[in-house]
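Written below as structure tokens is the structure these notes are about.
The values are calculated or read from the model by the stated rules, or taken from the named source; none is laboratory data. A quick note: this is a predicted structure, and the numbers were derived from the prediction, not measured. Here Cβ is always computed from backbone atoms with ideal geometry, including for glycine, and neighbour counts include all displayed protein chains. Just so you know, the surface numbers come from the protein's heavy atoms only, side chains and all, with ligands and any DNA or RNA stripped out. Shrake-Rupley method; radii C 1.70, N 1.55, O 1.52, S 1.80 Å.
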Amino acid sequence: VGRAIVTTLLERGHRVVAVARNEARLARLAETLQQDARLTRVCGSVASDADAARLVADVSTILPQIDAALVSVNAPREPASLLTYTDQTLSTLINGDLLTHFCAARAFAASLQPGGTLLGIGGGSCDFVLHDGIPQSMAQAALRMLYRGLAHEYRDRPVHVHELIIASIVNSDCTRAFADPHWVTDTEIALRAAHIIDRDAEDADITQ
């Protein structure tokens, strides 16, 4: 999903700073996009407040004016029933799904330009019981409230806060070979995310 978002934003004329924890993934992304001049790669993390603060500092040296921050991260998981989790494994999953978004929001929301957008990509399992995926549903329900709460607290500030909830398995590079035709595609998600960013920017221009 992240790669599709980067590709779509570049196609729509945006300058993009792509972030990943793994330098090899960033190198593959640059190779795929043939070293687009509007793309800059930064190796970083939002796993903690300190990591996220360092990341914002690094991004700000490249883009002194940050108009949008998109957060598309989640914890790895394997299907398992709820009570097979321990306190530690459940904490790890929730940290990966929820606290990463929280740290990113704390760091980036304060750095966005007036009219800017903070957009989190979340899972639709927040609204239903997912077989062998209850911990994931728990984390996604909390993530939804995180973004709803942020939108409430920022209602009088010049920053737009959204969550794009993906209530489908995603047809992406890693699932394309066996994907159901009814699954949402990574490109469709990216186009929706780009529309949200562009709409917020247009609203900001009208307001100004």
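Any idea which of Asp97, Asp87, Asp156 is over 18 Å from Ala193 (Cα atoms), open to solvent by less than 20 Å² (accessible area, probe 1.4 Å) and of a type in the set (D, E, K, R)? Steps first, please.
Details: Asp87 fails: open to solvent by less than 20 Å² (accessible area, probe 1.4 Å); Asp156 fails: open to solvent by less than 20 Å² (accessible area, probe 1.4 Å).
Matching residue, one of Asp97, Asp87, Asp156: Asp97.
Before we move on, is His162 modelled with pLDDT of 95 or more and over 16 Å from Thr8 (Cβ atoms)?
Numbers: modelled with pLDDT of 95 or more: yes; over 16 Å from Thr8 (Cβ atoms): yes.
Yes, satisfied.
Residue check, Ala4 against (1) assigned to a helix (DSSP H, G or I); (2) out of contact with any Asp or Glu (no Cβ under 8 Å at 6 or more places or on another chain), all met but one. Which one?
The failed condition is (2).
Could you say which residue among Ile196, Ile189, Ile165 is in contact with a strand residue (DSSP E or B) (Cβ under 8 Å, 6 or more places away or on another chain) and open to solvent by 50 Å² or more (accessible area, probe 1.4 Å)?
The match here is Ile165.
Working only within the stretch 134-153, note down all residues that are under 16 Å from Ser72 (Cβ atoms) and open to solvent by less than 40 Å² (accessible area, probe 1.4 Å).
Listed by number, the residues that qualify are Ala139, Gln140, Leu143, Leu146, Tyr147.
Under 9 Å between Cβ atoms, which residue pairs at least 6 apart in sequence (or on different chains) link something in the stretch 153-166 that is within 19 Å of Glu202 (Cβ to Cβ) with a partner that is open to solvent by 60 Å² or more (accessible area, probe 1.4 Å) and part of a loop (DSSP other than H, G, I, E, B)?
Val159/Ala110; Val161/Arg155
Mind checking which residues of the stretch 30-78 are in a helix (DSSP H, G or I), in contact (Cβ under 8 Å) with a residue 24 or more places away in the chain, surrounded by fewer than 18 Cβ atoms within 10 Å (Cβ to Cβ) and not small (Gly, Ala, Ser)?
Taking the stretch 30-78 as the starting set, the residues that turn out to be in a helix (DSSP H, G or I) are 30-32, 49-62.
Going one step further and asking which of them are in contact (Cβ under 8 Å) with a residue 24 or more places away in the chain, we end up with 32, 49, 51-53, 55-56, 59-60, 62.
Still in the list and also surrounded by fewer than 18 Cβ atoms within 10 Å (Cβ to Cβ): 32, 49, 51, 53, 60, 62.
Matches in the stretch 30-78: Thr32, Asp49, Asp51, Ile62.
Being in contact with a His (Cβ under 8 Å, 6 or more places away or on another chain) and of a type in the set (Asp, Glu) narrows it down to one of Asp173, Asp200, Asp180, so name that one.
Checking each option against the conditions leaves just Asp200.
For the subset of the stretch 100-124 comprising residues that are of a type in the set (Gly, Ala, Ser) and either outside any helix (DSSP H, G or I) or within 15 Å of Glu78 (Cβ to Cβ) (or both), which member is most open to solvent (accessible area, probe 1.4 Å)?
Per the stated criteria, the residue is Ala110.
How many of the residues in the stretch 1-54 are polar (S, T, N, Q) and in contact with a helix residue (DSSP H, G or I) (Cβ under 8 Å, 6 or more places away or on another chain)?
The qualifying residues number 6.
Have a look at Arg144, Arg176, Arg148 and point out the one that is modelled with pLDDT of 95 or more and either out of contact with any helix residue (DSSP H, G or I) (no Cβ under 7 Å at 6 or more places or on another chain) or closer than 18 Å to Arg3 by Cα (or both).
Arg148
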